[in-house]
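Note sheet for the following structure.
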Amino acid sequence: MSRTLRNIKLGLDDSLEDQLSWMAPGYSDFRVVRQSVDARTRHNPHFVYSVEVFEGGEKAVRPHITFPKVPFNGRPVVIVGAGPAGLFAALRLGERGIPCILLEQGGDTAKRVMAIGRYWRYGELDPSSNVGFGEGGAGLFSDGKLITRIKSDHIPYVMQRLVQFGAPAEIEFQSNPHVGSDRIRRVIPKMREHLKSLGVDIRFGAKVAEILTHGQGDASGLKSVASVKLESGELIPCERLILACGHSSEDMFKHLNDIGVHMEGKSFAVGLRIEHPQTYINSIQYRAAADHPKLGAANYKLAYHDKKEDAGVWSFCMCPGGYVLSCATSEGGVVSNGMSNFNRGSRFANAAIVVSVDHQKSFGDDLFGGLKYRRELEATALKQVHSAGGTKQLPAQRLVDFLDQKAGPVGDTSSPSGVVPARLDQLFGNDFRKLFIDGLKKFDREMKGFISEEALLHGVESRTSCPLRITRDAVSYQSLSHSGLYPAGEGAGYAGGITSAACDGIKIAEAIVAEVTRTEAQQLA
């Protein structure tokens, strides 16, 4: 027998085992279900646990999630994109016995790391293999954060499989789980080898140039997927295509529009990445306990909503002990993002501070209005770099100079590409700047000292999510205009991080399993 004890509060130096001995005398074993740090009362940060305790000699056994294979006689499912949505769709289909072909325009992890290193060091961008494209997707270089707001029965499966491939075991119970960019680069290749053992055909350097369809639409008005054509000219017939291309695949979005795939504009957010010394954030959050070895690098989550404008400002992708990265996926622009390694050992903490962009208010019926705006921001940011005499650096400005709307020198940064001084206060319009500053002032009230002379802003944070959505049916997850096309993950507008994208890929895989099972049953009948 087991039972779960919740809301167990422990001081930083208290023992969980001692507490369980008092709460469940004679327990035989236990399993941590959830662990978090509560620092809301800053003079008394403490841990909060939920624990499953076992009694009567019973041992805690970590259940292994498995699934039965299903009969399948069709063509292999084609998956475009080896980010979290594509990888986990392939994993679930492989475990279910459904053959699939996984196409990725970029390189495998090792080749991708080399290409990104050249970009950070020399400014040489590989448009197919960079921080946005390649095995593992954008998540491979964004801390390996697994925090998500979604509620999904697939989350335990995602965590368990990542642990199976080498992720830290504690991601299964931490409230803010993260693998670390250094470790996830070892996890994903192991996942790739496992996929191959399941029969998944994985092809790198395989960019899809066209999606070919049947006819002008069936009786329902839907076209259907017939095949994909690669840039190499190879034609791959398919009846089911999972499109997990990522939020930066502008050429694919244009192609989808050209062939009549139904899409709609989606609200998103843009902003700047702020960086503080990590010791500074630790002191704000933990005060006297800032140096306690059990606490590690402090994080934060901040939000502000302007009721009059119905617009929000919030922190996004917070990276304790992290690095600010240059993350462009094409020539002609500059993009910032953040990451942390597993030990979060950098001297700096960074996070995006972003402002919501309402698609309808800003762009009306212009489907690509958000993409155009994003591209213009990134191009303007690059012009600022060139004007300052830079080449591959990120544009940066001290927060206090941004607020005072003046130029000034910049200090140290964690960015491997370096920074040059720029007028980021001139990058956006007045409405954005007002909301941004109002948000910062509220954040400073919540975290006294957030507005600091040591805070440095980096431009431009523009890839928080996709500015459009490839619409799909709520049950079958197929495109509203093309049967057999399954839009997936962040690029389709249905996810916002590693975990949510992975869960989305799994949902689609299971929808295909359900469809296959129904078809087989009908044929047998």
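The values are calculated or read from the model by the stated rules, or taken from the named source; none is laboratory data. A quick note: this is a predicted structure, and the numbers were derived from the prediction, not measured. Methodologically, a virtual Cβ is constructed for each residue, glycine included, from the backbone with ideal geometry; neighbour enumeration extends over all protein chains shown.
Would the range 454-474 turn up any residue that is without any contact (Cβ under 8 Å) to a residue 24 or more places away in the chain and not hydrophobic (A, V, I, L, M, F, W, C)? Checking the range 454-474: at least one residue is without any contact (Cβ under 8 Å) to a residue 24 or more places away in the chain and not hydrophobic (A, V, I, L, M, F, W, C). The residue of the range 472-493 that is surrounded by the fewest Cβ atoms within 10 Å (Cβ to Cβ), among those that are under 26 Å from Val335 (Cβ atoms) and touching a strand residue (DSSP E or B) at 6+ places or on another chain (Cβ under 7 Å), is Gly493.
Of the residues making up the range 272-292, those that are in contact with a Leu (Cβ under 9 Å, 6 or more places away or on another chain) and under 14 Å from Ala351 (Cα atoms) number 5. Can you say whether Thr391 is farther than 27 Å from Tyr300 by Cα and at pLDDT below 95, as far as the supplied structure shows? Judged against the criteria, Thr391 is a match.
Would the range 172-190 turn up any residue that is in contact with a Cys (Cβ under 7 Å, 6 or more places away or on another chain), among the hydrophobic types (A, V, I, L, M, F, W, C) and at pLDDT 90 or above? Looking through the range 172-190, none of the residues is in contact with a Cys (Cβ under 7 Å, 6 or more places away or on another chain), among the hydrophobic types (A, V, I, L, M, F, W, C) and at pLDDT 90 or above.
The residues of the range 494-515 that are of a type in the set (Ser, Thr, Tyr) and in contact (Cβ under 8 Å) with a residue 60 or more places away in the chain, listed by number, are Thr499, Ser500. His458 meets the conditions (1) out of contact with any helix residue (DSSP H, G or I) (no Cβ under 7 Å at 6 or more places or on another chain); (2) within 20 Å of Ser387 (Cα to Cα); (3) assigned to a loop (DSSP other than H, G, I, E, B) in every case but one. The failed one is (3). Taking the criterion of being touching a Gly at 6+ places or on another chain (Cβ under 8 Å), assigned to a helix (DSSP H, G or I) and in contact (Cβ under 8 Å) with a residue 12 or more places away in the chain, the residues of the range 355-376 that qualify are His359, Gln360, Phe363, Gly369, Gly370, Arg375.
Among the residues making up the range 411-446, those that are closer than 22 Å to Gly345 by Cα and part of a loop (DSSP other than H, G, I, E, B) are Gly411, Asp412, Thr413, Ser414, Ser415, Pro416, Ser417, Gly418.
Close Cβ contacts (under 8 Å, 6 or more residues apart or on different chains) running from residues in the range 11-28 that are over 24 Å from Leu295 (Cβ atoms) to residues that are aromatic (Phe, Trp, Tyr) and in a loop (DSSP other than H, G, I, E, B) comprise Ser21/Tyr27. State which residue is nearest to Arg240 (Cα to Cα) when the search covers only the range 106-131 and only residues that are free of Cβ contacts under 8 Å to residues at least 40 places away in the same chain and among the small types (Gly, Ala, Ser). Out of the qualifying residues, it is Ser129. Taking the listed residues Ala60, Ala85, the one that is touching an Asp or Glu at 6+ places or on another chain (Cβ under 7 Å), not assigned by TED's automatic domain parsing to the domain that holds Ala209 and not aromatic (Phe, Trp, Tyr) is Ala60, with no other qualifying. Of Ala90, Ala82, Ala24, Ala60, all but one fail to be over 25 Å from Gln160 (Cα atoms), surrounded by 13 or more Cβ atoms within 10 Å (Cβ to Cβ) and of a type in the set (Gly, Ala, Ser); the exception is Ala24. One residue stands out among those in the range 256-270 that are touching a residue at least 40 places away in the same chain (Cβ under 8 Å) and part of a helix (DSSP H, G or I): the one that is nearest to the chain's Cα centre (by Cα), which is Leu256.
With respect to Leu103, is the statement that it is in contact with a Lys or Arg (Cβ under 7 Å, 6 or more places away or on another chain), assigned to a strand (DSSP E or B) and either without any contact (Cβ under 8 Å) to a residue 40 or more places away in the chain or in the same structural domain as Thr499 (by TED's automatic domain parsing) (or both) true? The answer is yes for Leu103.
Filtering the range 424-451 to residues that are touching a helix residue (DSSP H, G or I) at 6+ places or on another chain (Cβ under 6 Å) and either of a type in the set (S, T, N, Q) or without any contact (Cβ under 8 Å) to a residue 40 or more places away in the chain (or both) leaves only Asp425. Scanning the range 132-154 for residues that are at positive phi and touching a His at 6+ places or on another chain (Cβ under 7 Å) yields Asp143, Gly144.
Filter the strands (runs of 3 or more DSSP E) completely within the range 126-245 down to those with at least 2 residues that are outside the structural domain of Gly321 (by TED's automatic domain parsing) and surrounded by fewer than 24 Cβ atoms within 10 Å (Cβ to Cβ). Before the answer, list the steps.
Values: elements: 201-204, 208-214, 223-230, 235-237, 241-243.
Where strands (runs of 3 or more DSSP E) fall fully within the range 126-245 and carry at least 2 residues being outside the structural domain of Gly321 (by TED's automatic domain parsing) and surrounded by fewer than 24 Cβ atoms within 10 Å (Cβ to Cβ), they are 201-204, 208-214, 223-230, 235-237.
In the set Gly260, Gly265, only one residue is among the small types (Gly, Ala, Ser) and at positive phi; that residue is Gly260.
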